[in-house]
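Please read the structure below before turning to the comments.
The values are calculated or read from the model by the stated rules, or taken from the named source; none is laboratory data. Just so you know, these numbers come straight off a predicted model, no measurement behind them. Counting neighbours? That spans all protein chains shown, and the Cβs are built from the backbone with ideal geometry, glycine included.
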Amino acid sequence: MEAETEVTSKRQGLGFIVRRARPEDLPKVIMINKVTLPEHYPEWFWREHLEKWGEAFFVAEVDGEVVGYVMTRVEYGPPFVAKGLIVKKGHIVSIAVLEGYRRRGIGRALMEAAMEALKTRYGCKEVYLEVRVSNNPAIRLYEKLGFKKVKVLHMYYLDGEDAYLMAREL
């Protein structure tokens, strides 16, 4: 069995661990998605992403409880920021942290773990995501991580809100 990627943080005295997601984590991950985000996916979608791209699907734990996750996938296509005609790119499909655990560096640690795995485990040249144009805390985090706004996706979300497509090289 491969060693799990672990990141620990003691920022503000509050510790957490980031580790690869396991099948038994999915019910909690799905619950976190349902209480934090308006976009939801069927269970098979989560399971498929864990099975196909599990090396870059992470959860964050505080005192043994899953409080956040990041789910990714790997795609091929024209680059948004990298060089080349067709590139292997990582897609941050969904990331969420329970409200009471935000602003502790958990989201950043999840993103860093996912980006590192997409680069080293899957050979991705860039990573991208979509984010609501109104989600300023997430946009600030992504910009701190080196993401740039590439374009606006008009009426991207079911409620009609636009999204920024943001990307960065790995």
Among the aliphatic types (A, V, I, L, M), at pLDDT 95 or above and either part of a loop (DSSP other than H, G, I, E, B) or surrounded by fewer than 18 Cβ atoms within 10 Å (Cβ to Cβ) (or both), is that true of VAL70?
no
Counted residues, the stretch 42-67 - those being touching a helix residue (DSSP H, G or I) at 6+ places or on another chain (Cβ under 6 Å) and assigned to a helix (DSSP H, G or I)
3
Would you tally the residues in the stretch 11-28 being at pLDDT below 95, part of a helix (DSSP H, G or I) and surrounded by 13 or more Cβ atoms within 10 Å (Cβ to Cβ)?
1
Out of the residues in the stretch 106-134 that are of a type in the set (Ser, Thr, Tyr) and assigned to a loop (DSSP other than H, G, I, E, B), state the one that is surrounded by the most Cβ atoms within 10 Å (Cβ to Cβ).
TYR122
Per-region count, the stretch 58-106, residues small (Gly, Ala, Ser) and within 18 Å of the chain's Cα centre (by Cα):
6
Answer yes or no as to whether GLY54 is closer than 20 Å to GLU130 by Cβ, out of contact with any Ser or Thr (no Cβ under 7 Å at 6 or more places or on another chain), small (Gly, Ala, Ser) and modelled with pLDDT of 95 or more.
no
Considering only residues of the stretch 90-105 that are assigned to a loop (DSSP other than H, G, I, E, B) and without any contact (Cβ under 8 Å) to a residue 40 or more places away in the chain, which is farthest from THR36 (Cα to Cα)?
ARG103
Checked the stretch 56-80 for anything under 17 Å from GLY90 (Cα atoms) and not hydrophobic (A, V, I, L, M, F, W, C); matches are TYR69, THR72, ARG73, GLU75, TYR76, GLY77, PRO78, PRO79
Report yes if some residue within the stretch 78-89 is assigned to a strand (DSSP E or B), among the hydrophobic types (A, V, I, L, M, F, W, C) and surrounded by 18 or more Cβ atoms within 10 Å (Cβ to Cβ); otherwise report no.
yes
